[in-house]
Amino acid sequence: MTAKTPARSGTRQESKSGRKLQELRTVIDNRQARHLYNIEDTFTAGLMLEGWEVKAILAGQANFNGGGAFVRIRGSEAFIDSMTVTPLPQAKKGLLVELNPNRERKLLLNKSELTKLDRRVSERGYTIVPLALTYNGKLKLEIGLAKGKNQADKRDTLKERDGKRDLAREMKGM
């Protein structure tokens, strides 16, 4: 006789067609990018990864190198640079080929999105930065079209955040 296990809340949902949907989960968040840049537009891109990279990312072995990762457009393709994926110990066993944790990874974007990004990046001051890596059955990279902040903008952002925090603290105390 088997005991019924309770369903875990929030892990999976069913759509109207009966297909199981997974909850969107943020694997990596690039908070430094939101501090250094004004994000003007966001896009969602797929990633071309190897099998060991997917397992390592889901295990939390990836990072954006302290906010230093960026997206480069070369020709009609986009690549993410400076994103480190550290291989799991079991991925290294018995391999004759060296695993490269810092390699460029190709992004999967529509042609219209690529041309829009390329046009905007050619303007002075714009860059493309990775914002978050999410998982919903597939790994997706959220990228943002960004313009650098100067020191005064960063201070203003910090003042606004402190003001909101103080206001929330006062409201909670009432």
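Just a few scattered comments:
- Convex hull volume of the Cα atoms of region 24-166, normalised per residue: 129 Å³.
- Among the GluC sites (Glu not before Pro) in region 47-134, those placed in a DSSP loop whose Cβ has at most 10 other Cβ atoms within 10 Å are Glu98, Glu123.
- Local electrostatic count, Phe79, Cβ distance below 9 Å [Lys/Arg +1, Asp/Glu -1]: +1
Taken together, the values in this text are just the output of simple stated rules run on the coordinates, not laboratory data. Predicted model only: the values in this text are computed from it and were never measured. Note that we place each Cβ from the backbone using ideal geometry, even for glycine, and neighbour counts take in every protein chain shown.
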